[in-house]
Amino acid sequence: MRPVRTIARALLSGIFIVSGARAVADPGPYVERARPVTDRVAPTIRRAAPRLPADTENLVRLHGATQLAGGLLLATGHATRPAAAVLAASLVPTTVAGHPFWSATDPAERQLHQVHFLKNLGLLGGLLLAAADTGGRPGLRWRTGHAVRTGRRSVRRAVRSARRDARIAVRSAATARRLPGR
(Lines give C-alpha, C1' and ligand atoms only; values in the text may rest on other atoms or scores of the structure.)
Protein backbone atom coordinates (compact mmCIF):
# COMPACT_ATOMS: atom_id res chain seq x y z
CA MET A 1 0.00 0.00 0.00
CA ARG A 2 2.97 2.31 0.53
CA PRO A 3 3.67 2.91 -3.19
CA VAL A 4 0.00 3.77 -3.74
CA ARG A 5 0.06 6.30 -0.89
CA THR A 6 3.29 7.83 -2.20
CA ILE A 7 1.97 8.21 -5.73
CA ALA A 8 -1.42 9.50 -4.53
CA ARG A 9 0.20 12.14 -2.31
CA ALA A 10 2.46 13.28 -5.16
CA LEU A 11 -0.48 13.54 -7.57
CA LEU A 12 -2.66 15.31 -5.02
CA SER A 13 0.02 17.84 -4.13
CA GLY A 14 0.91 18.83 -7.70
CA ILE A 15 -1.82 21.44 -8.12
CA PHE A 16 -0.90 23.09 -4.81
CA ILE A 17 2.81 23.25 -5.62
CA VAL A 18 2.24 24.79 -9.05
CA SER A 19 -0.49 27.27 -8.07
CA GLY A 20 1.32 28.17 -4.83
CA ALA A 21 4.56 28.92 -6.68
CA ARG A 22 2.67 31.03 -9.23
CA ALA A 23 0.92 33.02 -6.50
CA VAL A 24 4.18 33.69 -4.67
CA ALA A 25 6.04 34.73 -7.82
CA ASP A 26 3.25 36.83 -9.35
CA PRO A 27 0.17 37.45 -7.19
CA GLY A 28 -1.30 39.97 -9.66
CA PRO A 29 -3.63 37.60 -11.55
CA TYR A 30 -5.14 36.35 -8.30
CA VAL A 31 -5.65 39.67 -6.50
CA GLU A 32 -9.01 40.66 -8.02
CA ARG A 33 -10.54 37.22 -7.48
CA ALA A 34 -9.24 37.11 -3.91
CA ARG A 35 -10.38 40.61 -2.94
CA PRO A 36 -13.94 39.64 -1.82
CA VAL A 37 -12.50 37.15 0.66
CA THR A 38 -9.52 39.24 1.78
CA ASP A 39 -11.71 42.29 2.38
CA ARG A 40 -13.72 40.23 4.87
CA VAL A 41 -10.69 38.62 6.51
CA ALA A 42 -8.36 41.64 6.68
CA PRO A 43 -10.02 43.38 9.67
CA THR A 44 -9.83 40.20 11.70
CA ILE A 45 -6.16 39.76 10.81
CA ARG A 46 -5.40 43.36 11.76
CA ARG A 47 -7.05 42.87 15.17
CA ALA A 48 -5.55 39.44 15.86
CA ALA A 49 -2.03 39.99 14.53
CA PRO A 50 -1.22 43.59 13.63
CA ARG A 51 2.24 42.62 12.37
CA LEU A 52 0.90 40.35 9.64
CA PRO A 53 0.24 41.89 6.24
CA ALA A 54 -3.46 42.43 5.60
CA ASP A 55 -3.43 43.84 2.06
CA THR A 56 -4.75 41.59 -0.68
CA GLU A 57 -1.51 41.14 -2.61
CA ASN A 58 0.47 40.01 0.45
CA LEU A 59 -2.36 37.76 1.61
CA VAL A 60 -2.36 36.11 -1.83
CA ARG A 61 1.42 35.64 -1.54
CA LEU A 62 1.06 34.21 1.98
CA HIS A 63 -1.69 31.88 0.80
CA GLY A 64 0.49 30.79 -2.12
CA ALA A 65 3.45 30.16 0.20
CA THR A 66 1.22 28.09 2.46
CA GLN A 67 0.01 26.01 -0.47
CA LEU A 68 3.54 25.64 -1.85
CA ALA A 69 4.97 24.51 1.50
CA GLY A 70 2.02 22.21 2.23
CA GLY A 71 2.21 20.71 -1.24
CA LEU A 72 5.94 20.07 -0.94
CA LEU A 73 5.52 18.46 2.49
CA LEU A 74 2.70 16.28 1.22
CA ALA A 75 4.60 15.26 -1.92
CA THR A 76 7.78 14.37 -0.05
CA GLY A 77 5.97 12.44 2.68
CA HIS A 78 7.05 14.72 5.54
CA ALA A 79 4.36 15.74 8.05
CA THR A 80 1.75 14.53 5.59
CA ARG A 81 -1.25 14.65 7.92
CA PRO A 82 -0.71 18.25 9.11
CA ALA A 83 0.22 19.33 5.58
CA ALA A 84 -2.98 17.82 4.18
CA ALA A 85 -5.03 19.52 6.91
CA VAL A 86 -3.44 22.91 6.17
CA LEU A 87 -4.01 22.45 2.43
CA ALA A 88 -7.64 21.50 3.07
CA ALA A 89 -8.11 24.66 5.14
CA SER A 90 -6.42 26.78 2.48
CA LEU A 91 -8.58 25.28 -0.26
CA VAL A 92 -11.81 26.67 1.20
CA PRO A 93 -11.10 30.38 0.58
CA THR A 94 -9.55 29.50 -2.79
CA THR A 95 -12.74 27.76 -3.85
CA VAL A 96 -15.08 30.45 -2.55
CA ALA A 97 -13.08 33.33 -4.04
CA GLY A 98 -11.97 31.67 -7.26
CA HIS A 99 -15.11 29.89 -8.40
CA PRO A 100 -18.28 31.74 -7.35
CA PHE A 101 -20.56 30.05 -9.88
CA TRP A 102 -23.63 31.32 -8.00
CA SER A 103 -22.89 34.91 -9.05
CA ALA A 104 -22.05 34.24 -12.71
CA THR A 105 -24.63 35.48 -15.24
CA ASP A 106 -23.19 33.91 -18.39
CA PRO A 107 -24.25 30.21 -18.60
CA ALA A 108 -20.88 29.11 -20.02
CA GLU A 109 -18.97 30.95 -17.30
CA ARG A 110 -21.34 29.59 -14.66
CA GLN A 111 -20.77 26.02 -15.86
CA LEU A 112 -16.99 26.51 -15.95
CA HIS A 113 -16.92 27.84 -12.38
CA GLN A 114 -19.24 25.07 -11.24
CA VAL A 115 -16.93 22.41 -12.69
CA HIS A 116 -13.90 23.97 -10.98
CA PHE A 117 -15.86 24.34 -7.74
CA LEU A 118 -16.72 20.62 -7.82
CA LYS A 119 -13.12 19.77 -8.73
CA ASN A 120 -11.97 21.65 -5.65
CA LEU A 121 -14.51 19.78 -3.54
CA GLY A 122 -12.99 16.54 -4.87
CA LEU A 123 -9.53 17.80 -3.94
CA LEU A 124 -10.86 18.70 -0.50
CA GLY A 125 -12.13 15.13 -0.10
CA GLY A 126 -8.74 13.74 -1.07
CA LEU A 127 -6.99 16.06 1.37
CA LEU A 128 -9.33 15.05 4.17
CA LEU A 129 -8.54 11.40 3.46
CA ALA A 130 -4.82 12.20 3.47
CA ALA A 131 -5.18 14.09 6.75
CA ALA A 132 -6.89 11.09 8.34
CA ASP A 133 -4.55 8.47 6.82
CA THR A 134 -2.29 6.87 9.40
CA GLY A 135 -0.31 4.91 6.85
CA GLY A 136 -1.47 1.59 8.28
CA ARG A 137 -0.28 2.48 11.77
CA PRO A 138 -2.72 2.76 14.65
CA GLY A 139 -4.35 6.15 14.99
CA LEU A 140 -4.24 8.45 17.98
CA ARG A 141 -7.56 7.18 19.32
CA TRP A 142 -6.37 3.56 19.36
CA ARG A 143 -2.98 4.47 20.84
CA THR A 144 -4.63 6.50 23.60
CA GLY A 145 -7.05 3.67 24.42
CA HIS A 146 -4.22 1.16 24.38
CA ALA A 147 -2.14 3.31 26.75
CA VAL A 148 -5.11 3.63 29.11
CA ARG A 149 -5.74 -0.14 29.08
CA THR A 150 -2.04 -0.85 29.65
CA GLY A 151 -1.96 1.65 32.52
CA ARG A 152 -5.01 0.09 34.15
CA ARG A 153 -3.45 -3.37 33.88
CA SER A 154 -0.24 -2.11 35.48
CA VAL A 155 -2.17 -0.49 38.33
CA ARG A 156 -4.17 -3.71 38.94
CA ARG A 157 -0.94 -5.73 39.04
CA ALA A 158 0.64 -3.25 41.45
CA VAL A 159 -2.43 -3.37 43.73
CA ARG A 160 -2.45 -7.20 43.73
CA SER A 161 1.25 -7.26 44.47
CA ALA A 162 0.87 -4.73 47.29
CA ARG A 163 -2.01 -6.74 48.82
CA ARG A 164 0.01 -9.95 48.60
CA ASP A 165 3.01 -8.26 50.22
CA ALA A 166 0.76 -6.84 52.94
CA ARG A 167 -0.72 -10.31 53.68
CA ILE A 168 2.77 -11.78 53.89
CA ALA A 169 3.87 -9.00 56.23
CA VAL A 170 0.82 -9.52 58.48
CA ARG A 171 1.45 -13.27 58.64
CA SER A 172 5.12 -12.71 59.37
CA ALA A 173 4.28 -10.28 62.18
CA ALA A 174 1.74 -12.71 63.66
CA THR A 175 4.27 -15.53 63.52
CA ALA A 176 6.94 -13.35 65.12
CA ARG A 177 4.60 -12.51 68.03
CA ARG A 178 4.03 -16.19 68.73
CA LEU A 179 7.72 -17.04 68.85
CA PRO A 180 9.03 -17.85 72.37
CA GLY A 181 11.46 -15.47 73.94
CA ARG A 182 9.61 -12.35 73.25
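The values are calculated or read from the model by the stated rules, or taken from the named source; none is laboratory data. None of the values given here were measured: they were computed from a predicted structure. A quick note on method: Cβ atoms are made from the backbone with ideal geometry, for glycine too, and the neighbour counts reach across all protein chains shown. The area values use the complete protein model at the heavy-atom level, side chains included, leaving out ligands, DNA and RNA. Shrake-Rupley method; radii C 1.70, N 1.55, O 1.52, S 1.80 Å.
Details
- Extending 7 Å from Cα along the Cβ direction at Val159 and again at Leu112 yields two label points whose distance is 7.0 nm.
- A straight line joining the Cα centroids of the range 126-141 and the range 145-166 runs 32 Å.
- Dipole of the chain, positive end: most advanced residue of Leu140, Thr38, Ala84 [Cβ charges, Cα centre]: Leu140
- Using C-alpha pairs below 8 Å separated by at least 6 residues, the relative contact order for the chain is 22 percent.
- Average accessible area per residue (Å²) across the range 1-112 - probe 1.4 Å, nucleic acids and ligands excluded: 61 Å²
- Kirkwood hydrodynamic radius of the range 10-51, from inverse mean 1/r over distinct Cα pairs, in Å: 12.1 Å
- Whole-Å semi-axes of the ellipsoid equivalent to the chain (Cα gyration tensor, √5λ, descending): 60, 20, 15
- Computed over the Cα atoms of the range 1-98, pair by distinct pair, the Kirkwood hydrodynamic radius stands at 13.9 angstrom.
- Backbone geometry of the range 173-178 corresponds, through the Karplus equation with coefficients 6.51, -1.76 and 1.60 at θ = phi - 60°, to 3J(HN,Hα) couplings of 5, 5, 5, 5, 5, 7 Hz, x marking Gly and Pro.
- Using the rule -39500 (n - 2.57) for each DSSP H run of four or more residues, divided by the residues of the chain, the 222 nm mean residue ellipticity is -29000 deg cm²/dmol.
- Under the simplified labelling scheme, the Glu32-Thr150 pair shows an inter-label distance of 5.9 nm, with each label point 7 Å from Cα along Cα→Cβ.
- Using a simple spin-label model with pseudo-atoms 7 Å out from Cα toward Cβ, Lys119 and Ala169 lie 7.4 nm apart.
- Relative to the longest principal axis of the Cα atoms of the chain, the long axis of helix 107-132 lies at roughly 20 degrees.
- Most to least packed among 58-66, 125-133, 106-114 [average Cβ atoms within 10 Å]: 58-66, 125-133, 106-114
- Diffusion coefficient, µm² s⁻¹, Stokes-Einstein with Kirkwood Rh over alpha-carbon pairs of the range 94-182 at 37 °C and 0.692 mPa s: 166 µm²/s
- With a cut-off of 19 Å on the backbone N, the residues of the range 6-20 near the modelled label site 7 Å out from Ala65 along Cα-Cβ are 16-20.
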